[in-house]
Structure formats: structure tokens, C-alpha cells
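These notes are about the structure you will find just below.
Please treat every number below as a calculation from the coordinates, not as lab data. Here the structure is a predicted model, which means the values were calculated and not measured.
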Amino acid sequence: MRSESCGSVQIVWLNREQAIQELKERARDLLARDARVRAVGLFGSLARDDALPSSDADVLLVLESHPEPRWFDRIPEYAAAFDGTSLPVEPFPYTLNELRRLAAAPGFLSTALKEILHLGGDEAIWPQLLSAPKP
């Protein structure tokens with residue numbers, strides 16, 4: 001994010017390309033040090049290119065497995081991987097099996113998968129999840 005000021009007026013804008021590059025670098029580092037992470041993708045306003053300077057980055061992490069049974073209890077572990085980026089990051093760390101179950105029903109994941117921007121890992125996971133059989 002960049003800003004310039006002129007007297008009492010401050011203009012702030014979002015450098016989308018820079019933000020995405022930062023996220024790709026953090027994703028690459030995370031993939032290198034955590035073998036459970038299979039893929040990392042961006043969804044939400046930044047992926048759709050309608051983010052504002054006040055927006056956060058919604059990051060979907062596909063995990064092979066995790067000892068913590070509840071996805072939201074995994075957030076602190078994965079939020080730390082994105083420290084220092086120009087935007088706040090909201091990680092969504094799900095196991096592949098959890099995502100397969102979610103993909104079979106309408107909801108947040110079906111929307112996220114339609115706009116996913118691949119940041120790293122196994123890119124083939126996204127179309128597999130998108131084409132999951134629906135009930």
C-alpha cells in the first residue's frame with residue numbers, strides 16, 4: 001500500500017500487484033517449511049480486483065492433514081506465515097478432506113473456488129475441488 005500526503009489531505013491506494021507478489025513469496029516459504037500445506041490460493045476482493053486499501057487478503061490453505069481438528073483453531077499458526085505483508089491476511093486453513101466435503105455443498109467454498117488466484121503449491125487442487133460432485 002502506498003500513500004502520499006499534501007497538507008491535510010492523504011491519498012492512499014492499493015498496489016495489487018505488490019500485495020499479490022508478497023503473498024506468493026510468503027506462500028512459497030510456507031510450502032517449503034510445512035509439508036502439510038498442499039496449495040495456497042487467494043480469494044475475495046483482492047482476487048477479484050475490487051479490493052480497497054482497507055481490504056484484507058483472504059487466503060485459502062489446503063492442508064494434507066492437521067492434528068488440530070477445528071480449522072479455526074489453526075488460524076494463528078498460519079497467520080504468522082503472512083506477517084509483514086502490506087495487507088492484513090485472513091488465513092482459511094482447511095484439510096483437503098474438509099474442503100472436499102465443503103465443495104459438495106453450496107456455500108463460501110464454491111464462491112471462493114470460482115475466483116481463486118493460485119499463490120503456490122499444487123495448482124491442480126482447485127479444479128478438482130471445483131468439480132466435486134454435488135449432492
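DSSP assigns beta bridges within the chain; of those with both partners inside it, close to 70 percent run antiparallel.
For the chain, the relative contact order works out to 28 percent when only alpha carbon pairs closer than 8 Å and six or more residues apart are counted.
Could you estimate the translational diffusion coefficient of the stretch 73-121 from the Stokes-Einstein equation, with Rh from the Kirkwood formula over C-alpha pairs, at 4 °C and 1.567 mPa s, in whole µm²/s? In µm²/s, the coefficient is 104.
The orientation-averaged projection of the convex hull spanning the C-alpha atoms of the chain amounts to 8.7 square nanometres.
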